[in-house]
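Okay, structure first, notes after.
FYI, it's all coordinate maths here, none of it is from the lab. In this text, all values refer to a predicted model and were calculated from it rather than measured experimentally. Neighbour counts run over all protein chains shown; Cβ positions are idealised from the backbone, glycine included.
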Amino acid sequence: MLVPFLPNNAPFTEEQRQWLNGYFAGWVCGANGSATVPAFGGDGQVISGDGQAVGEPVLPEPEAPRYDRNNPFAARLLTNRPLNAKGSVKDVRHIEIDLSGSGLTYEVGDALGIIPQNCPALVGDLLEAFGWTGDEAVTLGDETLPLRDPLQHHRTITEPPKALLEAYAEQSGDGDLRAILENRDALNDFLWGRDVLDLALAYPDVRFEPQAFIDLLRPLAHRLYSISSSPKAHPGQVHLTVGAVRYEAHGRAKTGVCSTFLADRCLDETPLPVFVHHNNAFRLPTDPATPVIMVGPGTGIAPFRAFLEERKASGATGKNWLFFGDQHEATDYLYRDELEAFLSDGTLDRLDLAWSRDGAEKVYVQHRIREHAETLFAWLEDGGAFYVCGDASHMAKDVDAALFEVIRTASGLTEEAAADYLKQLKRAKRYLRDVY
Ligand SMILES: Cc1cc2nc3c(=O)[nH]c(=O)nc-3n(C[C@H](O)[C@H](O)[C@H](O)COP(=O)(O)OP(=O)(O)OC[C@H]3O[C@@H](n4cnc5c(N)ncnc54)[C@H](O)[C@@H]3O)c2cc1C
């Protein structure tokens, strides 16, 4: 394989580029395909086997930076478009991000890591609760920063860490809080929907030095989002499908850090630190003729929009079946136009929809799966791969149970044999899940 030594911005004519690429191709891959290292003279000249200079000086290009969670690429937001219609209780956004110049590549099935910023209004409220200005000097690693910076960019100020709760219990002498800390279930209940500001407001007499406070907080973590685009359909871009987390708890309106950073606070000029999180455990079948069954309600649609774009762009011949659902057809039918276009151009062979709040009965994707047991089992018997994405706590379990029932009823197998069939699907990587 030709190693691309020459980036497009190298100062060569096209003729020189082709000659040099051909030259490198000769000895980058040995006869047995093994890679050899190109030889450079001391001044960067390309040296032939007999030691003669054969070209203009060529310095090896510095390796493209490898972006990861510790060294993210500062990308740019291109699009932030609501996917729900007015009247929905949901707020899901279609996000498009520019990756050009990064050298970052991804495959459908991968996720994008995003390093968010905290909400500045929450930072302001926290500073006010402690009587700080935000200009107090604190150190983080070997940097000295004004307190406001780590609170906005580097520390988790939503869920309080145990160390902070312990400091509150100790300083306040609150026995109930001490007891909560010693019981895992009680602690989880206490933490549900509580943030650091709730503690500051509940214990106004507890005071910290700014540095001690920062040291008690956890680092601000990145969030992952399933990529909802195919690089074949959108070169240089990555798309996401992000549900904004908003709720009321303990008397205050609260927001999820990263989802609302993307939905509300990230502007097109805001640097958006990203990295690609490769997920080889969630890939399209290598054989493009394999039938694919996708179950992705809500934001679970994300990787399947990418799969459909990819199968269309690559001309994959296998059939595609999507189960999608949400609360209301009128307001929550994410990507309706695109899915209908996939149906009419033949990319999608089947689309089954489940609306949980449109009728007297709540209908979910697992109900639709059961309704089509015979056909679904026929697709599996035809070598089909079954994919699930979205909510891990309920949906994925309900879909798993529905799939088991489909196999058992449509095949006539015993429970044991149906369980074995399901196991074989997993073993053959034909039952894959991307759930969170
Ligand atoms: C592999 C992977 C892929 C993912 N793909 C997607 C995707 O495609 N789209 C997508 O939207 N998300 C996706 N997620 C989830 C995403 O990473 C974030 O977890 C999500 O956006 C919430 O992050 P946040 O920072 O906005 O919220 P956080 O600041 O992390 O807040 C979330 C927390 O708020 C609390 N909370 C939430 N609601 C309530 C409530 N009603 N009452 C009390 N407390 C509450 C809970 O403690 C919850 O854990 C994915 C996750 C993984 C691991």
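What spacing in nm lies between the two simple spin-label points modelled at Arg265 and Arg178, each 7 Å away from Cα in the Cβ direction?
Between Arg265 and Arg178, the label points sit 3.6 nm apart.
Give the Rg/Rh ratio for the range 304-436, taking Rg as the radius of gyration of the Cα atoms and Rh as the Kirkwood radius, to two decimals. Provide the component values of the computation, followed by the final result.
Details: Rg = 15.1 Å, Rh = 15.7 Å.
When Rh is taken as the Kirkwood radius, the ratio is 0.96.
Connecting C-alpha atoms closer than 10 Å in a GNM of the chain, tell me which of Gly87, Gly318, Gly113 has the biggest fluctuation.
Gly87
Sorting check: for 421-427, 302-308, which peptide has the highest mean count of neighbouring beta carbons within 10 Å, and how do the rest follow?
Numbers: 421-427: 14.0, 302-308: 27.4.
By packing density, highest mean first, the sequence is 302-308, 421-427.
Determine, from the Cβ-Cβ distance of Ala249 and Thr317 and an R0 of 60 Å, the FRET efficiency 1/(1 + (r/R0)^6), rounded to the nearest 0.05. Please list the in-between numbers first.
Values: r = 50 Å, r/R0 = 0.83.
Rounded to the nearest 0.05, the efficiency is 0.75.
For Leu140 and Lys86 in the same chain, what is the full-extension length gain: residue separation times 0.36 nm, less their Cα-Cα distance, in nm? Mind dumping the intermediate values first?
Details: separation 54, 0.36 × 54 = 19.44 nm, distance 4.36 nm.
Between Leu140 and Lys86, full extension yields an extra 15.1 nm.
Using only alpha-carbon positions, what ratio does the radius of gyration of the range 120-216 give when scaled by 2.2 N^0.38 Å?
Numbers: Rg = 13.6 Å, N = 97, 2.2 N^0.38 = 12.5 Å.
This ratio for the range 120-216 stands at 1.09.
Work through the residues other than Asp287 whose Cβ is under 15 Å from its Cβ and net out their charges, Lys, Arg +1 and Asp, Glu -1. Don't skip to the answer; put the middle values down first.
Details: positive: Arg283, Arg311, Lys319, Lys429, Arg430; negative: Glu310, Asp382.
Taking every other residue near Asp287 into account, the sum is +3.
Given a 10 angstrom Cα cut-off, can you work out which residue in Asp98, Asp332, Asp198 is the most mobile in a GNM of the chain?
Comparing Asp98, Asp332, Asp198 in a Gaussian network model of the chain, the most mobile one is Asp198.
So what are the ³J(HN,Hα) numbers for the range 323-334, from phi and the Karplus equation (6.51, -1.76, 1.60; θ = phi - 60°), rounded to whole Hz, Gly and Pro as x?
Listing the rounded values in order: 9, 10, x, 6, 6, 10, 4, 5, 10, 10, 7, 5 Hz.
Considering only Leu140, Leu104, Leu112, give the residue with the highest GNM mean-square fluctuation for the chain, with springs between Cα atoms whenever their separation is below 10 Å.
Of Leu140, Leu104, Leu112, the most mobile in the Gaussian network model is Leu140.
Can you tell me the relative contact order of the range 180-299? Whole percent, Cα pairs under 8 Å, sequence separation 6 or more. Write down the numbers at each step before the final one.
On the way: 57 pairs, mean separation 20.2, N = 120.
17 percent.
Just name one of Leu145, Leu432, Gly193: the one whose Cα is farthest towards the positive end of the charge dipole of the chain (beta-carbon charges, Lys/Arg +1, Asp/Glu -1).
Leu432
Working out 0.36 nm times the residue gap between Asn71 and Glu374, then minus their Cα-Cα distance, what length gain in nm do you get to one decimal? Before the final figure, lay out the partial values.
Values: separation 303, 0.36 × 303 = 109.08 nm, distance 4.93 nm.
Stretched out fully, the Asn71 to Glu374 stretch lengthens by 104.1 nm.
Starting from the coordinates of the alpha-carbon atoms of the chain, obtain the Kirkwood hydrodynamic radius over all distinct pairs and give the value in Å to one decimal.
Working: mean 1/r = 0.0391 Å⁻¹.
With all distinct Cα pairs of the chain included, I get 25.6 Å.
Nearest 0.05, what FRET efficiency do Ala212 and Leu187 give at R0 = 25 Å with Cβ-Cβ as r?
On the way: r = 22 Å, r/R0 = 0.89.
Once rounded, the FRET efficiency stands at 0.65.
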